[in-house]
Amino acid sequence: MKGLLDAKNDDYVARAREVAEKYIRPVAAELDEKEEYPWSVMAKLQEYGLTGVWIPKEYGGKGDGVLNLCLVVEELSRACGGVGVVFAVNALGSFPIIVGGTEEQKHKFLPDVASGKKLIAYALSEKDAGSDAGSLKCRAVKEGDSYVLTGDKKWTTNAGAASLYTAFATTDPARGTRGICAFIVEKGTPGFTIGWKEKKMGIRCAPVHETHFKDCRIPSSQLLGGQEGRGFKHAMMTLDRARPGVAAQAVGLAQGALDLAVDWARNRKQFGEAIISFQGLQFMLADMATKVESARQLVHAAARAIDAGAENVTRLCAMSKVYATDVAMQVTTDAVQIFGGYGFLRDYPIEKYMRDAKITQIYEGTNQIQRLVIARSMIKGE
């Protein structure tokens with residue numbers, strides 16, 4: 001990776017790595033065990049100037065784009081996948097405002113997210129609308145100068161911790177995806193409540209809740225973009241920009257697991273020798289390292305394309321997500337194998353990497369959906 005990044009990129013990597021090693025790694029197991037939100041870590045990310053990397057400067061951010069977001073996410077995830085998520089989901093929640101908000105909405109809501117003063121979440125999925133995001137049941141009915149939202153959301157990451165939510169609802173189910181709108185919802189709005197907290201396999205410090213809207217009145221000024229029917233487009237544009245961040249999380253998990261596996265293999269002795277001297281294990285490590293680096297470069301390519309304003313980035317972003325997350329699952333599983341019986345014990349850190357990695361193949365578009373996206377773009381000749 002060194003040599004492919006410029007001085008600004010290297011600076012972000014150095015700062016994020018310092019936060020990861022000093023403030024995340026020592027508490028990662030505790031955060032996982034207690035399922036606690038990492039407030040102290042988020043404060044350090046503010047202190048180190050790492051919040052709002054992806055937000056344009058005119059709205060209070062650093063203006064340094066998706067590549068630097070990915071670099072930070074990778075370093076954080078290398079120490080704890082859950083912390084990588086709670087950081088990256090602020091990009092997921094704010095991207096709809098960046099790509100589809102009015103100037104008034106951008107100036108009103110983005111500066112607090114950029115500074116880290118407020119966290120933001122993304123409320124798209126529902127119980128029966130996961131991969132089929134166009135089948136939303138949450139309704140938005142226009143009443144005077146407001147919209148009244150009614151319905152339930154599932155798997156809202158950072159719910160409870162966040163102060164702002166980009167929530168998607170349909171004004172007209174008969175219009176399908178053309179009836180979907182996005183709204184900026186503030187915590188504390190009457191009728192908006194945080195529900196059941198999910199009990200998860202991994203990323204346990206990242207709160208994931210059901211969120212509920214019951215006659216929740218949202219001012220028309222918080223209809224994203226000020227026009228109806230653009231919500232689905234904004235959701236898809238957001239996912240294009242967010243998927244390299246998920247892929248970066250996966251790369252960080254894979255790299256972190258590989259680091260632990262190499263260190264373990266150097267020190268673990270069997271048959272009178274360090275197990276790293278065994279050729280079969282060396283080949284495993286070589287394959288793991290090759291896959292991690294190739295995934296990293298694909299993630300960087302997708303992020304650079306977004307930052308350059310390239311058209312038709314959907315396929316490249318899907319490729320980065322599907323490949324990096326599959327690599328993460330394979331590498332973390334192989335790392336557990338290298339630890340042997342110890343890898344199966346929660347006394348050792350490696351099993352957490354495998355648990356954290358699994359969700360990356362599922363959220364923000366399952367890898368089966370990513371393969372459909374890639375194939376369809378090829379069929380269309382894009």
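Ignoring ligands, DNA and RNA, what accessible area per residue does segment 136-229 give at 1.4 Å, in Å²?
That works out to 42 Å² per residue.
Past 32 Å, Cα to Cα: identify those pairs from LYS22/LYS200; LYS214/LYS352; LYS106/LYS137; LYS153/LYS291; LYS8/LYS34, in the order given.
Values: LYS22/LYS200 26 Å; LYS214/LYS352 37 Å; LYS106/LYS137 27 Å; LYS153/LYS291 36 Å; LYS8/LYS34 36 Å.
With Cα atoms farther than 32 Å apart: LYS214/LYS352; LYS153/LYS291; LYS8/LYS34.
In deg cm²/dmol and to the nearest 500, what is the mean residue ellipticity at 222 nm of the chain if only DSSP H runs of at least 4 residues count, each as -39500 (n - 2.57), divided by the residue total? Could you put the intermediate results ahead of the total?
Details: 11 runs with 191 residues, N = 382.
Result for the chain: -17000 deg cm²/dmol, rounded to the nearest 500.
Per residue, how large is the accessible surface of segment 266-382? Use a 1.4 angstrom probe and give square angstrom. Present the calculation step by step, with values, prior to reporting the outcome.
Numbers: 6260 Å² over 117 residues.
On a per-residue basis, segment 266-382 sits at 54 Å².
Would you be so kind as to identify all helices of the chain, as entire DSSP H runs, whose Cα atoms reach 20 Å or more along the helix's own axis and whose mean Kyte-Doolittle hydropathy is at least -1.0? Mind dumping the intermediate values first?
Working: long enough: 65-79 (23 Å, 1.06); 81-100 (29 Å, 1.76); 231-267 (53 Å, 0.11); 279-307 (42 Å, 0.16); 314-339 (38 Å, 0.54).
Span-like helices here: 65-79, 81-100, 231-267, 279-307, 314-339.
Quote the charge dipole size of the chain about the Cα centre in Debye, to the nearest 20; the model charges only the Cβ of Lys and Arg (+1) and of Asp and Glu (-1). The partial results should precede the final answer.
On the way: 49 positive and 45 negative charges, 89 e Å.
For the chain, the charge dipole is close to 420 debye.
If you stretched the chain out fully between ASP259 and GLN279, how much longer would it get, using 0.36 nm times the residue separation minus the C-alpha to C-alpha distance? The partial results should precede the final answer.
Values: separation 20, 0.36 × 20 = 7.20 nm, distance 1.81 nm.
Result: 5.4 nm gained on full extension.
Okay, which of segment 128-164 sit inside 18 Å, backbone N to the point 7 Å along the Cα-Cβ direction of ASP112?
158-164
Between segment 52-110 and segment 353-379, what is the separation of their alpha carbon centroids in Å?
The distance from the Cα centre of segment 52-110 to that of segment 353-379 comes to 21 Å.
Using R₀ = 35 Å, calculate the FRET efficiency as 1/(1 + (r/R₀)^6) where r is the Cβ-Cβ separation of GLU21 and MET378; round to 0.05.
After rounding, the FRET efficiency stands at 0.25.
Take every DSSP beta bridge with both residues inside segment 53-197 and express the antiparallel ones as a percent of the total, to the nearest 5. Mind dumping the intermediate values first?
Values: 13 of 18 bridges.
Antiparallel bridges: around 70 percent, rounded to the nearest 5.
To the nearest 20 debye, what is the magnitude of the charge dipole of segment 39-101 about its Cα centre, counting +1 on the Cβ of each Lys and Arg and -1 on the Cβ of each Asp and Glu? Display every interim value, and only then the final one.
Working: 4 positive and 5 negative charges, 11 e Å.
I would put it at about 60 debye.
Which percent of the accessible area of the chain is formed by carbon and sulfur heavy atoms (probe 1.4 angstrom)?
Working: 8680 of 16310 Å².
Exposed carbon and sulfur together represent 53 percent of the surface.
Along the charge dipole of the chain, Cβ charges K/R +1 and D/E -1, which of SER220, ASN9, ALA29 sits furthest on the positive end?
Of the options given, the answer is SER220.
The values are calculated or read from the model by the stated rules, or taken from the named source; none is laboratory data. This one's a predicted model, so the numbers in the text were calculated from it and none came from an experiment. We place every Cβ from the backbone using ideal geometry, glycine too, and count neighbours over all the protein chains shown. Protein only, heavy atoms only, side chains kept; ligands, DNA and RNA dropped before computing areas. Shrake-Rupley method; radii C 1.70, N 1.55, O 1.52, S 1.80 Å.
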